[in-house]
Amino acid sequence: MTLAERLRYETRAVHEETEELLYTESLKAGQLSLEQYSHLLRVHWLFHYALEATIDRYPAFFQAYHPNERRKTPWLTADLAELNIPLPDPQSDLFADWSPVELLGAAYVGEGSMLGGKVVFHHLQKSPELKPVLQNARFYRGYGAEALEKWKAFGGILAGQPEVEHDKIVQAAHRTFRAYHDIFKHTQRQDQPVA
Ligand code: HEM
């Protein structure tokens, strides 16, 4: 199996868990609240901020990735500003001790989430509470017309990884999904202080 195939098959279950965790039921029913939407934006901001900052430490390894053309933090910062929500305190150490090859596993999760984003944007638009704030929404529009081209280019990077690294990359992708779950739960606790 190629690395891309392994990533897709071996993280399928944890992807489904992630979807469930991220308010999918409300989302698909067109019932996502403003508070839930803002929670999602903060989760994505924390994840992408930490990942982008760590990838920037390895410009040579990530040259073909073109980090400047794949940044989601500016989109999320704009979306949070639109809601007048302050930026969360960055979790800068999230990927601090990850090797470049492991970061590629994390980048797979970040880039793949852009594919699902399109579907999510469609569902968000069904929610009456979100109508007024979605007009200028940026993050969930993702790469727009460039989505396929960007995903294929990322696939090219995966295809260039030596087989000896594949296990490490797949394991890192797993850990990345788990990290997403942790961020979601952690930020939720901040929203709902114990009385
Ligand atoms: C409710 C939320 C989500 C929905 C409905 C969703 C849906 C989807 C869909 C439909 C695809 C396949 C797209 C295609 O093949 O064209 C996809 C791919 C993917 N999604 Fe999600 N997704 C969601 C959230 C996420 C999140 C939060 C992450 C990351 C933490 C993520 C990571 C990925 C990855 C890595 C892929 C690529 C799978 C592959 O290797 O082909 N998704 N998602």
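The values are calculated or read from the model by the stated rules, or taken from the named source; none is laboratory data. Since the structure is predicted, the reported quantities are computational estimates derived from the model, not experimental observations. Here the Cβ is made from the backbone with ideal geometry for all residues, glycine too, and neighbour counts use every protein chain on show. Protein only, heavy atoms only, side chains kept; ligands, DNA and RNA dropped before computing areas. Shrake-Rupley method; radii C 1.70, N 1.55, O 1.52, S 1.80 Å.
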| query | In the range 92-140, which residues are in a helix (DSSP H, G or I), touching a residue at least 24 places away in the same chain (Cβ under 8 Å) and more than 13 Å from the ligand (Cβ to nearest atom)? | reply | 100, 101, 102, 103, 128, 129, 130, 133
| query | Any idea which of (1) touching a Gly at 6+ places or on another chain (Cβ under 8 Å); (2) surrounded by 19 or more Cβ atoms within 10 Å (Cβ to Cβ) is the one residue 154 doesn't satisfy? | reply | (1)
| Which of the residues that make up the range 71-97 are under 25 Å from residue 167 (Cβ atoms) and surrounded by 19 or more Cβ atoms within 10 Å (Cβ to Cβ)? | 94, 95
| field | Among the candidates 78, 50, residue that is modelled with pLDDT of 95 or more and within 28 Å of residue 100 (Cβ to Cβ) | value | 50
| task | Working carefully through the options 120, 133, find the one that is surrounded by 13 or more Cβ atoms within 10 Å (Cβ to Cβ), closer than 16 Å to residue 15 by Cβ and modelled with pLDDT under 95. | result | 120
| note | Scanning the range 54-70 for residues that are open to solvent by less than 50 Å² (accessible area, probe 1.4 Å) and either of a type in the set (A, V, I, L, M) or touching a strand residue (DSSP E or B) at 6+ places or on another chain (Cβ under 6 Å) (or both) gives 55
| task | May I ask you to list the residues in the range 38-59 that are of a type in the set (Ser, Thr, Tyr) and under 11 Å from the mean Cα position of the chain (by Cα)? | result | 49
| request: Only residues that are closer than 18 Å to residue 81 by Cβ, without any contact (Cβ under 8 Å) to a residue 60 or more places away in the chain, open to solvent by less than 50 Å² (accessible area, probe 1.4 Å) and more than 10 Å from the ligand (Cβ to nearest atom): list them for the range 1-51, please. | output: 38, 45
| request: Test each condition in (1) open to solvent by 20 Å² or more (accessible area, probe 1.4 Å); (2) more than 14 Å from the ligand (Cβ to nearest atom); (3) farther than 21 Å from residue 32 by Cβ for residue 186 and report the one that comes out false. | output: (3)
